[in-house]
Amino acid sequence: MPELPEVETVIKGIEPKIIRNEIIDFKKYSPKLRYQIEGNIRNKIIKKFVKSIYRRAKYIIIVLEDNQTIVIHLGMSGRIIISNSEDRIITKHTHFLISFSNEVDLIYIDPRRFGLIKVIPSNFLFKSKLFRHLGVEPLDRTFNRKYLKRICENKKSPIKSTIMNQKHVVGVGNIYASESLYLAKVNPIKESRSLTTEECNLIVKYIKKVLNKSIKLGGSSINDYAMVSGKLGDYQNKLAVYGREGSICRKRSCKSKILRIVIAQRSTFYCPVCQK
Ligand SMILES: [Zn+2]
């Protein structure tokens, strides 16, 4: 599933191709996604220029003129391809395409169909039901030791569930939660309320570190994810615990095997010796 670094990488790939260009067409092929693709999208976006493009949580946000914003989520297996209109290839998993005045197509492909596209008035965007309950961005200053300590207070839930809860902090998906807890030496099953301030400090520090590093490497290419160019990300080669069940811990002095457990129905990988 594309996580925050993957979405950030997709945005970096799209932005230079579509920014300040005019939308000249919208075609929908297979309307069934997480939400049915609305019928009136074309009317809302046609003949509008792209003003900016950025990420909030795992949403790709394309701001247009005239108070319209396109929101795209990649779901479990969504991919965006940028191609020349002349070379356009439509497959059975193509759901929609947006054509731009510079003869570029943005094509959305999603075999598992958990993604979405919506057009929302720009001035209502963060009041809409997709966004209004979202917590802070993990790479913002507002996500800090104090904030994490406060949300952990009185919570019996495992720390891994707390940092993956989008109401508190967005975009820390399964891979990056396991990785940052390993680096912070905190057991993923530990009760949130029992964390010390120093542990909160380390968790925050390593969440930012693993996300930034993964963004730099173009994300992790696990489960179908690829960049807009079709190139694969590199972060999967850097993973310390995720997907390494039964392998020896990467810390030199540690001979323990990495374990896999399930927390809130998600596979969780950790070292029982390094993570207390
Ligand atoms: Zn270890």
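Report the extension gain between residue 25 and residue 191 in nm, rounded to one decimal, defined as 0.36 nm multiplied by the number of residues separating them, less their alpha carbon distance.
Length gained, residue 25 through residue 191: 54.6 nm.
Taking square-rooted eigenvalues a ≥ b ≥ c of the alpha carbon gyration tensor, is segment 106-238 rounded, prolate or oblate, where a/c under 1.5 means rounded and, failing that, a/b exceeding b/c means prolate?
Oblate, because a/c is 1.5 or more while a/b does not exceed b/c.
Mind telling me which of 36, 166, 236 comes out most flexible in a GNM of the chain, alpha-carbon contacts under 10 Å?
36
Under the classification rounded if a/c is under 1.5, otherwise prolate if a/b is larger than b/c and oblate if not, where does the chain fall, given a ≥ b ≥ c as square roots of the Cα gyration tensor eigenvalues?
Prolate is the answer for the chain, as a/c is 1.5 or above and a/b outweighs b/c.
Strictly under 4.7 angstrom between C-beta atoms: which cysteines of the chain have no such partner?
So, 152, 200.
Please give the contour-minus-distance gain from residue 262 to residue 47: 0.36 nm per residue of separation, less the Cα-Cα distance, rounded to one decimal in nm.
Gain in length upon complete extension: 72.5 nm.
With a 10 Å Cβ neighbour count serving as the proxy for reagent exposure, in which order, fewest first, do 117, 258 appear?
Least to most surrounded, the residues fall as 258, 117.
Which pairs in the list 58/146; 156/205; 127/155; 118/160; 58/127; 27/48 are over 20 Å apart, alpha-carbon to alpha-carbon?
Checking Cα-Cα distances, 58/146; 156/205; 127/155; 118/160 exceed 20 Å.
Whose amide H sits under 5 Å from the amide H of residue 68, counting only residues 5 or more places off or on another chain, with H placed in the peptide plane?
Correct list: 122.
Give the distance, in whole Å, between the Cα centre of segment 55-130 and the Cα centre of segment 30-50.
9
Would you mind ranking 179, 65, 137 by Cβ crowding within 10 Å, fewest neighbours first?
In increasing order of surrounding Cβ atoms, one gets 65, 137, 179.
Could you work out the helix-only [θ] at 222 nm for the chain, with each DSSP H run of four or more residues adding -39,500 (n - 2.57) and the total divided by the number of residues, to the nearest 500 deg cm²/dmol?
Result for the chain: -7000 deg cm²/dmol, rounded to the nearest 500.
For segment 4-127, just say rounded, prolate or oblate: build the C-alpha gyration tensor, square-root its eigenvalues into a ≥ b ≥ c, call rounded for a/c under 1.5, and beyond that prolate if a/b exceeds b/c, oblate if not.
Rounded.
Taken together, the values in this text are just the output of simple stated rules run on the coordinates, not laboratory data. As the structure is a computational prediction, the values presented were derived from the model and not from experiment. Because the Cβ atoms are built from the backbone with ideal geometry, glycine has one as well, and the counts that use them run over all protein chains shown.
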